[in-house]
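Here the structure is laid out as structure tokens; the discussion comes afterwards.
Bear in mind these aren't lab numbers, they're just calculated from the coordinates by the rules spelled out. Here the structure is a predicted model, which is why all the values come from computation and not from measurement. Cβ atoms come from the backbone with ideal geometry, glycine included; neighbour counts cover every protein chain shown.
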Amino acid sequence: MALEVARSMRSVLGANGISLEHPVFRHMVNLESVFTYEGTHEIHTLVVGNDITGLSAYTG
Ligand SMILES: Cc1cc2nc3c(=O)[nH]c(=O)nc-3n(C[C@H](O)[C@H](O)[C@H](O)COP(=O)(O)OP(=O)(O)OC[C@H]3O[C@@H](n4cnc5c(N)ncnc54)[C@H](O)[C@@H]3O)c2cc1C
């Protein structure tokens, strides 16, 4: 949700949303990293799927 808000704000600011004058883009990048650190979103999905179904959709 926070990422969605940051993206909306970037859009509201137009080209200024990409400039260093406003911190919106920095927040977007910080929030985007949550999908990767401490395990990627995809791997978490596979682990939860395995736990719920007992079936593994991945190897390694
Ligand atoms: C801001 C930030 C802070 C971090 N801090 C730390 C930290 O403090 N300590 C630390 O140890 N690490 C840290 N990391 C590293 C982070 O934990 C790893 O980047 C993350 O676990 C993903 O590993 P990887 O980058 O090697 O991607 P990879 O494992 O190479 O994955 C690449 C892509 O392939 C997908 N993928 C991989 N394997 C499979 C599979 N079997 N099936 C399907 N898809 C697969 C992934 O979902 C991903 O989309 C940090 C990363 C970031 C971005």
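Numbers for the structure displayed
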item	result
Cβ-Cβ FRET estimate between T53 and N30, R0 fixed at 22 Å, reported to 0.05	0.10
CD proxy at 222 nm, helix term only [per DSSP H run n ≥ 4: -39500 (n - 2.57); per residue of the chain; nearest 500]	-16500 deg cm²/dmol
Full-extension gain in nm, N16 to Y37, via 0.36 nm per residue minus C-alpha separation	4.7 nm
Sites matching chymotrypsin sites (Phe, Trp or Tyr not before Pro) across the chain that sit in DSSP coil, with at most 14 neighbouring C-beta atoms within 10 Å	Y37, Y58
Cβ-defined net charge surrounding F25, 12 Å radius [Lys, Arg +1; Asp, Glu -1]	+1
Top positive-direction residue, dipole computed over segment 2-53 with Cβ charges, set V48, G14, V34	G14
Geometric extent, Cα atoms of the chain - Rg, Dmax (angstrom)	16.6, 50
